[in-house]
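The values are calculated or read from the model by the stated rules, or taken from the named source; none is laboratory data. For clarity, every value in this text was computed on a predicted model and none was experimentally measured. Here the Cβ positions follow ideal geometry from the backbone for every residue, glycine too, while neighbour counts run over all protein chains shown. The protein model used for the area step is the full one, side chains on, heavy atoms only, and it has no ligands, DNA or RNA in it. Shrake-Rupley method; radii C 1.70, N 1.55, O 1.52, S 1.80 Å.
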Amino acid sequence: MNLMTLTGVRGGGGTTTMTGILGDALSMLGQRVLLVDLNASDLLRLHFGIPLVDSHGWVASSFPSDWREQAFDLNENLVLVPFGRKSIESFGATHLLRGDDFWLQVLPDLDAEFDWVLFDCPPYPNRLAPALRFRSTHDVLVAHPDIAAHVLLAQIGMNVGTLLLINDFEPSHQLECDVVLDWHRRYGSRVLPQSVYRDETLPESLACKKPITRYLPDAVASQAAGALARWFLSAVCTHEA
């Protein structure tokens, strides 16, 4: 089983969106995928039509073994476990907010059911789930190529095993092109070979409560998600070989 942790260099960079469409793209390739939202904002559910008023979420679990009761089977290859913000609002704070201990206990039981587990992690500076990131097959930073992200990424630094996913890239903007060029120079092969270009249909897909990979399979972002999914599968096969 492969673990992927996705984190934004800062909030608003599209990490939750990328988690949803990348997981969906992997499922379309026949991979069995579990999506887990570790963000208290609980927004990953909205990409799959699960309303915020619904109280399901892993923080509502009494024990790690109860996680399946909080999950949604989206299709035969894709399962989502929301965060569960509504349950906290209804019943008060929970000791499970960090997520590491909870999911580290669950992971050994997931091997038989899933090929991939994707964790949508909180962005910097409050990047949580350090133990999950340490265990992950792929630790991915998601960044929009603007000056703020450029400065923050330089401050944060990148671990040797961390990958950088460039999201919402508009190649007609010279400054963004310059930032991307500098990132390739600085980080080399740690920059994923497929960037996700700006796609105005992404907001439409969220409004329709579907990932763009389902809403418009031929959209630019859908094609990028498919290319990334194939790249990750190839990387895993190469490593196993």
Among residues of segment 160-190 being within 10 Å of residue 145 (Cα to Cα) and aromatic (Phe, Trp, Tyr), the residue surrounded by the most Cβ atoms within 10 Å (Cβ to Cβ) is 183
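Kindly evaluate residue 207 against the criterion of being open to solvent by less than 10 Å² (accessible area, probe 1.4 Å) and within 30 Å of residue 57 (Cβ to Cβ).
Working: open to solvent by less than 10 Å² (accessible area, probe 1.4 Å): no; within 30 Å of residue 57 (Cβ to Cβ): yes.
For residue 207, the condition - open to solvent by less than 10 Å² (accessible area, probe 1.4 Å) and within 30 Å of residue 57 (Cβ to Cβ) - is not met.
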Per the filter on segment 130-159, residues surrounded by 18 or more Cβ atoms within 10 Å (Cβ to Cβ), out of contact with any Ser or Thr (no Cβ under 7 Å at 6 or more places or on another chain) and small (Gly, Ala, Ser) are 143, 149
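Does residue 201 fit the bill of being in contact with a Lys or Arg (Cβ under 7 Å, 6 or more places away or on another chain), open to solvent by less than 60 Å² (accessible area, probe 1.4 Å) and of a type in the set (Val, Ile, Thr)? Spell out the reasoning first.
Working: in contact with a Lys or Arg (Cβ under 7 Å, 6 or more places away or on another chain): no; open to solvent by less than 60 Å² (accessible area, probe 1.4 Å): yes; of a type in the set (Val, Ile, Thr): yes.
Against the criterion (in contact with a Lys or Arg (Cβ under 7 Å, 6 or more places away or on another chain), open to solvent by less than 60 Å² (accessible area, probe 1.4 Å) and of a type in the set (Val, Ile, Thr)), residue 201 does not qualify.
On the basis of being within 16 Å of residue 163 (Cα to Cα) and modelled with pLDDT under 95, does residue 134 make the cut?
Details: within 16 Å of residue 163 (Cα to Cα): yes; modelled with pLDDT under 95: yes.
Yes: the conditions hold for residue 134.
The rows are residues; the columns are (1) in contact (Cβ under 8 Å) with a residue 12 or more places away in the chain; (2) of a type in the set (Asp, Glu).
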position	(1), (2)
145	yes, no
169	yes, no
172	no, no
178	no, yes
187	yes, no
What do you reckon, is residue 44 surrounded by fewer than 19 Cβ atoms within 10 Å (Cβ to Cβ) and either of a type outside the set (D, E, K, R) or under 11 Å from the mean Cα position of the chain (by Cα) (or both)?
no
Residue pairs qualifying under the 8 Å Cβ cut-off, at least six apart or on distinct chains, with the first in segment 204-219 being of a type outside the set (Ser, Thr, Tyr) and the second being modelled with pLDDT under 95 and part of a loop (DSSP other than H, G, I, E, B), are 212/199; 219/199
Per the filter on segment 105-143, residues among the hydrophobic types (A, V, I, L, M, F, W, C) and free of Cβ contacts under 8 Å to residues at least 12 places away in the same chain are 112, 134
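Would it be correct to say that residue 104 is open to solvent by less than 40 Å² (accessible area, probe 1.4 Å) and either over 25 Å from residue 50 (Cα atoms) or not in a loop (DSSP other than H, G, I, E, B) (or both)? Before the answer, list the steps.
On the way: open to solvent by less than 40 Å² (accessible area, probe 1.4 Å): no; either over 25 Å from residue 50 (Cα atoms) or not in a loop (DSSP other than H, G, I, E, B) (or both): yes.
No, not satisfied.
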For segment 161-203 the number of residues that are touching a Leu at 6+ places or on another chain (Cβ under 8 Å) and closer than 18 Å to residue 24 by Cβ is 5
Selection from segment 1-41 of residues over 13 Å from residue 82 (Cβ atoms), open to solvent by less than 20 Å² (accessible area, probe 1.4 Å), in contact with a helix residue (DSSP H, G or I) (Cβ under 9 Å, 6 or more places away or on another chain) and of a type in the set (Val, Ile, Thr) yields 5, 7, 9, 21, 33
In segment 47-58, residues that are free of Cβ contacts under 8 Å to residues at least 40 places away in the same chain and buried (at least 24 other Cβ atoms within 10 Å of the Cβ) total 1
